[in-house]
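Peer 1: Please see the structure below; I have some questions.
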Amino acid sequence: RIMARVVANTGGAHDTSAGACSCESNTVRFGHHVKYQHACRENFVMEVSKYGMTKRDVVPNINFFMNVPVEPDGNLAIVDGESKPGDYVEIVAEMDVLVVVSNCPQINNPCNGFFPTPIRALIWAADEG
């Protein structure tokens, strides 16, 4: 059964392979000095806990606007994104869903140009009947 579908995309590449950053992975990538900085995985866990869920309930994520190509040796690379201000992804939910967004707060990650910026999310109810 389809949960949701993308109906518009102006932002280019999106990633479904690299997963979400975590305090642990950021410590490995960037050093122990970043251990207590915010990370997406912890943001997801904190948000679902408001609905009585735990870290076991957090499913694989989609990294919208994140460019993660597969290199010739098979490794994943994190490179500059292809999106620009004003780009968007429009998603239609086909059932009731909980959507959790973490606008990658990691200041050490090139996925956001080393400078996290705000996003704008618009949510509206479908017309009934």
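All of the numbers you see were taken from the coordinates with simple rules; none came from a lab. Note that the structure is predicted; figures quoted are calculated from it, not measured. All Cβ positions, glycine included, derive from the backbone under ideal geometry; neighbour counts span all protein chains shown.
Peer 1: How many residues are surrounded by 15 or more Cβ atoms within 10 Å (Cβ to Cβ) and more than 30 Å from Thr54 (Cα to Cα) if we restrict to the stretch 71-106?
Peer 2: Final tally of qualifying residues: 2.
Peer 1: Test Ala18 against the criterion of being part of a loop (DSSP other than H, G, I, E, B) and under 20 Å from Met3 (Cβ atoms), and give yes or no. Lay out the reasoning, then the answer.
Peer 2: On the way: part of a loop (DSSP other than H, G, I, E, B): yes; under 20 Å from Met3 (Cβ atoms): no.
No; evaluated as a whole, the condition is false for this residue.
Peer 1: Val68: of a type in the set (A, V, I, L, M, F, W, C) and in contact with a Lys or Arg (Cβ under 8 Å, 6 or more places away or on another chain), yes or no?
Peer 2: Numbers: of a type in the set (A, V, I, L, M, F, W, C): yes; in contact with a Lys or Arg (Cβ under 8 Å, 6 or more places away or on another chain): no.
Answer is no for this residue.
Peer 1: Determine if the stretch 100-122 includes at least one residue that is assigned to a loop (DSSP other than H, G, I, E, B) and closer than 24 Å to Arg1 by Cβ. Lay out the reasoning, then the answer.
Peer 2: So in the stretch 100-122, the residues assigned to a loop (DSSP other than H, G, I, E, B) come out as 100-109, 113-122.
Subsequent filtering for residues that are closer than 24 Å to Arg1 by Cβ retains 100-101.
Yes, there is a match, as at least one residue in the stretch 100-122 is assigned to a loop (DSSP other than H, G, I, E, B) and closer than 24 Å to Arg1 by Cβ.
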